């Protein structure tokens, strides 16, 4: 295997990336393709799986593999998640994929299932309470709101498992992703909760469970023709993008946390001593019996993307230079980052974003600075919640597109008081997927760490007192504006439902899937 390469594919919220790495973790080639998120109604977030997932993977593979396909010994896929893509018996999508916690359409189903199954039982068996991040309520939403789609559904995929299915023909899901399919997966037994299926996803055949680093199938003839991969190439189970980043980071034990700076933000402590806590997520790791504690901020890099669009596509470097010039405190602005509601620890899909303190003297650099600081405050709130639950995070390893410029990690270190080792290499989720691929064929183990360049970011003296004060104002503004945010969210939903007819195609027929409201 001296010339062996391992292909890691990562399907993200806004792009798909591919990494070819050798057995020592050196990146031989990488490629990427941009795509976007569809937001057809307030609280909805969707992808076209055929175009945004499989189509982008095919494009990336074709660009990466020219002249190298025979050297690829294994493939693994990571992807945004948990997502919900209903498909027919042959794996053909029946509607656009419903995305992870930024899609908040299933709030009524979260409440109904919690009452039906019991919050205490859900937490004890699933490790987390139900929220917009849970896949189960979205299954229930489909069954109630789009019954014609659901009646044709014979498979449900996430981003990574859909690409795995297209590569291999296998209907599988990795255990870590399954942990986000609450309330269907028991994190203690590492098995489906069969007796709850009919109340959550009536009639759905559940996928076979595999571990992220386990070989689950091989590239089919059709997939080989589409991607350029060699037929018969082993494919690993893969996982959600955040877990692939955990793989790449080298974290295998508690004490350090991983913070990812993506469209949203994610924090995890591997094998954490923390107890299950309803304000957080308890997830499964690499092997049976492993448990990790995690948290998520709904809007991270999405905030900067939003401002850049308002600024007419101004280059990110220019915007970040302006934000750096604004200085700590953003000229007296405080933002609330709840553009897609909030995940942990608030679990409130109806929170809304805001910028407080605006005057005619403020400029867009001040606004971006306030948005970056607001995401840092949300990270601090999650870290404090994790610590209260028993987590032991004393420093952070960080990665993701939002960490590629030092300003944002520096703000987070200043706000939290934690040192960060920021990974500066190519897409970490793709690299983590490549490492999972290597594990699947015995070219690496769970003890393997592919060393990567990193920049150490240390909290600066002189900022903590200011940020402590602003953090308390941030929390108070969240509490004070919550009822008004809820009222506006309801208004937005009502207004959006005025033109809510959605058309999907099943077997060539156009089906009216109008949202008929909550049960």
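Results, tabulated for the structure shown:
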| read-out | value |
| --- | --- |
| Members of the range 409-435 found to be over 19 Å from residue 458 (Cβ atoms) and assigned to a helix (DSSP H, G or I), listed by number | 428, 429, 430, 431, 432, 433, 434, 435 |
| Candidate set from the range 83-92 (those that are assigned to a loop (DSSP other than H, G, I, E, B) and out of contact with any helix residue (DSSP H, G or I) (no Cβ under 7 Å at 6 or more places or on another chain)); member that is surrounded by the most Cβ atoms within 10 Å (Cβ to Cβ) | 92 |
| Residue list for the range 436-463, restricted to those being touching a helix residue (DSSP H, G or I) at 6+ places or on another chain (Cβ under 7 Å) and not in a loop (DSSP other than H, G, I, E, B) | 436, 457 |
| Whichever residue in the range 258-286 is touching a strand residue (DSSP E or B) at 6+ places or on another chain (Cβ under 7 Å) and part of a loop (DSSP other than H, G, I, E, B) and, among such residues, is nearest to residue 346 (Cα to Cα) | 280 |
| Matching residues in the range 330-353 - criterion: being farther than 20 Å from residue 101 by Cα and either in a strand (DSSP E or B) or in contact with a strand residue (DSSP E or B) (Cβ under 8 Å, 6 or more places away or on another chain) (or both) | 333, 334, 335 |
| The listed residue being touching a strand residue (DSSP E or B) at 6+ places or on another chain (Cβ under 6 Å), over 26 Å from residue 339 (Cβ atoms), touching a residue at least 40 places away in the same chain (Cβ under 8 Å) and crowded, with 20+ Cβ neighbours inside 10 Å, out of 159, 152, 74, 97 | 74 |
| Exclusive hit being assigned to a loop (DSSP other than H, G, I, E, B) and at pLDDT 95 or above, set 41, 95 | 95 |
| For residue 170: the one exception among (1) in contact with a helix residue (DSSP H, G or I) (Cβ under 7 Å, 6 or more places away or on another chain); (2) surrounded by fewer than 24 Cβ atoms within 10 Å (Cβ to Cβ); (3) at pLDDT below 95 | (3) |
| Some residue of the range 296-318 being crowded, with 17+ Cβ neighbours inside 10 Å, at pLDDT 90 or above, outside the structural domain of residue 212 (by TED's automatic domain parsing) and closer than 20 Å to residue 123 by Cβ | yes |
| Residue 275 being assigned by TED's automatic domain parsing to the domain that holds residue 377, touching a residue at least 60 places away in the same chain (Cβ under 8 Å) and over 21 Å from the mean Cα position of the chain (by Cα) | yes |
| Residue in the range 401-408 that is touching a strand residue (DSSP E or B) at 6+ places or on another chain (Cβ under 7 Å), closer than 30 Å to residue 128 by Cβ and not in a helix (DSSP H, G or I) present | no |
| Residue in the range 370-384 that is free of Cβ contacts under 8 Å to residues at least 12 places away in the same chain and either within 27 Å of residue 421 (Cα to Cα) or in contact with a helix residue (DSSP H, G or I) (Cβ under 7 Å, 6 or more places away or on another chain) (or both) present | yes |
| Subset of the range 56-82 [under 21 Å from residue 214 (Cα atoms) and in a loop (DSSP other than H, G, I, E, B)] | 80, 81, 82 |
| Meets criteria (free of Cβ contacts under 8 Å to residues at least 12 places away in the same chain and either in contact with a strand residue (DSSP E or B) (Cβ under 7 Å, 6 or more places away or on another chain) or not in a loop (DSSP other than H, G, I, E, B) (or both)) for residue 309 | yes |
| Test: residue in the range 235-251 that is buried (at least 24 other Cβ atoms within 10 Å of the Cβ) and in a loop (DSSP other than H, G, I, E, B) | yes |
| Meets criteria (part of a loop (DSSP other than H, G, I, E, B) and either out of contact with any helix residue (DSSP H, G or I) (no Cβ under 9 Å at 6 or more places or on another chain) or at pLDDT 95 or above (or both)) for residue 289 | yes |
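A quick yes/no check of all residues on (1) outside the structural domain of residue 103 (by TED's automatic domain parsing); (2) surrounded by fewer than 18 Cβ atoms within 10 Å (Cβ to Cβ); (3) not in a loop (DSSP other than H, G, I, E, B):
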residue: 13; (1), (2), (3): no, no, no
residue: 25; (1), (2), (3): no, no, no
residue: 28; (1), (2), (3): no, yes, yes
residue: 36; (1), (2), (3): no, yes, no
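The values are calculated or read from the model by the stated rules, or taken from the named source; none is laboratory data. Computed from a predicted structure; not experimentally measured. Every residue, glycine among them, receives a Cβ derived from its backbone with ideal geometry; neighbour counts consider all protein chains shown.
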